[in-house]
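These notes are about the structure you will find just below.
The values are calculated or read from the model by the stated rules, or taken from the named source; none is laboratory data. Keep in mind it's a predicted model, so treat the numbers as computed, not measured. No Cβ is skipped: glycine too gets one built from the backbone with ideal geometry, and neighbour counts run over all protein chains shown. Side chains included, ligands, DNA and RNA excluded: accessible areas come from the protein's heavy atoms. Shrake-Rupley method; radii C 1.70, N 1.55, O 1.52, S 1.80 Å.
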Amino acid sequence: MSLQFEGIPAAPGLCKGKAVVLTQEKIEWAGRDIGAAGVDNEISRFARAVEIAVTQLEDLSRQVASTLGEAEAEIIGAQSLMASDPGLAEDVTNRISQELVSAENAVQDACEEQAKMLEGLGDEYLAARAADMRDVGRRILAILTGATDRAALVGNLEPDTVIVADDLAPSETAAIDVANIAGIVLDGGGRTSHTAILARSMGIPAVMGLGNATGSITSGDLVLVDGNQGHVQVNPEPGQLSKFGQAINLEAIRKRELSLLKNLPGVTADGHHVELASNIGGAKEVSLVQDSGSDGVGLFRTEFLFIDRNSAPSEDEQFEIYKEVLSELAPKPIVIRTLDAGGDKDIPYLGIPAEANPFLGLRAIRLCLQEKGLFRSQLRALLRASSFGTLRIMFPMVADIHELRAAKREYESVKAELESEGITVADNVQVGIMVEVPSAAMQADVLAAECDFFSIGTNDLVQYTMACDRGNPAVSYLSDPFYPAVLRLIARTIEEGHRKGIWVGMCGEMAGMPPAVPLLVGMGIDELSMAPASVPRAKEIIRNLSYEDAKGIWHKVRKMADRAEIRSYLEGLVEIGE
Ligand code: PEP
Ligand code: MG
């Protein structure tokens, strides 16, 4: 029977293949209670199982490092650390010896409690780590009970397999037989889960959050996966199948066409240049920047260096990372944003008090100006690394000139401190701000007079202009940069920046949206920074455009009052090639 599902587009691409449905085998074991005499035996069973789990994970991590790369291997490496964590061993040992329960029960309870604790921190990123914790627990339990290892199953597939599962643990995803997998379809999961991150870097189309695909799909069914839109079609009609086959062929042709642009500049047909840069969250993404044909990095979100650990990275640790990114991409310019903690990026050890409205609270530059030690150690690391490439430092969430001045005072004082220590600081470091608060856009003229560049952060600019929480699906209809009020603030920021002679870029999600590109070029944007994978398409749009036409597009749009009209007009302009 032909069936259709809609889910979350978690990893892009189109594919078709035969379903292999994996459901979680329930791991079972004999009794829970042990007598006092059994304590030592259970503790040594647990210790032995951990040893095996760590060896398995280390082997898997080495295998992943050679097939996928270091960033992916680190996810598995982190699981190996979780498995050998002395805190977990202590918790399990205490449960065995105090509650007199089996190693299996103690492991299950301890891992579940830690996973729940991670989920309860109210942070999407940490909640996703709960999946890693459960994965580790399941691995140790499987070793203790001799249950089937699903990772071994997915590591040996028939060609063109679509895995359909309730959920896939990150270690299972990493173990996937890449040569034979076509796609992934999951009942659970979300875009920021490690499974999604791995699927994207492995280039496997994936749709997640389908609810009950495993209940409706049977192994052997023909499945079409559209990871761009989040559609899944099961046992399609012949007409649907041939249409999908054409779409797959077109996608392959488009990929080849776009790859030809890699070494060409982002320049319009009439010679107007627009810098195309990448957004990254760490040094591991440098190779993606290189492969994308980017002109540099327009946003390095340094908060990812602070997340998922128990204390802030030291000045030296940060220095090594900034140095690596700057030197590997030199002489390309790298915009490194100072810590943007707070809001939805909760970093528990920073001790930000609970707030009723975290997005309006102690976030980003506000926090850094209060936690001077934290701010200064990041600035020291940045300036020490400055002589290894072309550094641009960017302050997030600046709402008023007094914040920019206070941040620059710290910058100047750190620079003087380093120079007095005989440390060389490059003399071409630019200092700019994100324009992502409406007050900053309204005062763009004032701010532009005192910094070297602007980068427009539309993710927050939209949320603050339209008064809609960027993570709340109930108001997501307001979360769109094509509302006229947002467009006016963007245009104003570019105009005022140019009037004061500084360059203006954009690093919010809007920069990588194909329909936005001609409009932003027409407004005069100097740089667009986006996910590395989006750069080739943006470059193609720019190269097929004339600057004069782009200006005409903006003049037309500025007269439109209706967001839907604006969107459909702009989407129509870039439809071919989508
Ligand atoms: C933005 O707000 O547009 C932005 C780029 O920053 P972030 O998404 O990290 O808040
Ligand atoms: Mg922001």
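Among rounded, prolate and oblate, which fits the range 36-147 when a ≥ b ≥ c are the square roots of the eigenvalues of its C-alpha gyration tensor, a/c under 1.5 means rounded, and a/b larger than b/c means prolate?
Verdict is oblate for the range 36-147.
Would you mind calculating the gained length between residue 421 and residue 356 on full extension (0.36 nm times residue separation, minus the Cα-Cα distance), in nm to one decimal? Walk me through the intermediate numbers first.
Values: separation 65, 0.36 × 65 = 23.40 nm, distance 4.33 nm.
Working it through step by step, the gained length comes to 19.1 nm.
To the nearest 0.05, what FRET efficiency results for residue 124 and residue 575 with a Förster distance of 22 Å applied to their C-beta separation? Before the final figure, lay out the partial values.
Working: r = 33 Å, r/R0 = 1.49.
So the FRET efficiency works out to roughly 0.10.
Accessible area of residue 495, 1.4 Å probe, to the nearest 10 Å²?
Ignoring ligands and nucleic acids, residue 495 comes out at about 80 Å².
Would you kindly work out the equivalent ellipsoid of the range 510-578 from its C-alpha gyration tensor and give its semi-axes, the square roots of five times the eigenvalues, largest first in whole Å?
They are 19, 13, 11 Å, listed from largest to smallest.
Using a 1.4 Å probe, how large is the accessible area of residue 272, given in Å² and rounded to the nearest 10?
40 Å²
On the accessible surface of the chain, probed at 1.4 Å, how many percent belong to carbon and sulfur atoms?
Whole-percent figure for carbon plus sulfur exposure: 52.
Which whole-percent values make up P(r) of the chain when all C-alpha to C-alpha distances are grouped in 10 Å steps starting at zero?
3, 15, 24, 26, 19, 9, 3, 1, 0
Determine which lysines satisfy two conditions relative to residue 551: a Cα distance under 16 Å, and not lying fewer than 8 residues away in the same chain.
559
In nm, give the distance between the simple-model label positions of residue 558 and residue 252, each being 7 Å from the Cα along the Cα-to-Cβ direction.
About 4.7 nm, to one decimal.
Which whole-number percentage describes the relative contact order of the chain, with Cα contacts under 8 Å and a sequence gap of 6 or more?
13 percent
Within the range 1-109, which GluC sites (Glu not before Pro) sit in a loop by DSSP and count at most 10 neighbouring Cβ atoms inside 10 Å? Can you show the working numbers first?
Working: sites: 6, 25, 28, 42, 51, 58, 70, 72, 74, 90, 99, 104; in loops: 25, 28.
Taking the range 1-109 and a limit of 10 other Cβ atoms within 10 Å, the loop GluC sites (Glu not before Pro) found are 28.
In the chain, what % of DSSP beta bridges are antiparallel (nearest 5)?
Antiparallel bridges make up about 30 percent of those DSSP assigns within the chain.
Just read off the accessible area of residue 253 with the full protein assembly in place, 1.4 Å probe, to the nearest 10 Å².
Taking all protein chains as shown, residue 253 has close to 80 Å².
Could you tell me which residue out of 154, 199, 244 lies farthest along the dipole of the range 128-258 toward its positive end? Charges go on the beta carbon: Lys and Arg +1, Asp and Glu -1, centred on the Cα centre.
Of 154, 199, 244, it is 199.
With each run of n ≥ 4 DSSP H residues scored as -39500 (n - 2.57), what mean residue ellipticity at 222 nm is computed for the chain after dividing by its residue count and rounding to the nearest 500 deg cm²/dmol?
Values: 23 runs with 279 residues, N = 578.
Result for the chain, helices only: -15000 deg cm²/dmol.
What whole-number value in cubic angstrom gives the convex hull volume per residue for the C-alpha atoms of the range 267-571?
127 Å³
Counting DSSP beta bridges with both partners in the range 267-571, what percentage is antiparallel, nearest 5?
Around 5 percent antiparallel, to the nearest 5.
Could you give the distance between the Cα centres of the range 367-446 and the range 292-322, to the whole Å?
The range 367-446 and the range 292-322 have Cα centres spaced 15 Å from each other.
Could the peptides 160-167, 240-247, 456-463 be put in order, highest first, of the mean number of other beta-carbon atoms found within 10 Å of their residues? Write out the running numbers ahead of the final one.
Details: 160-167: 22.0, 240-247: 13.6, 456-463: 23.9.
So the peptides 160-167, 240-247, 456-463, ranked by packing, come out 456-463, 160-167, 240-247.
Within straight cross-link reach of residue 255, meaning Cα distance under 21 Å, which lysines are found once same-chain residues fewer than 8 apart are removed?
16, 243, 539
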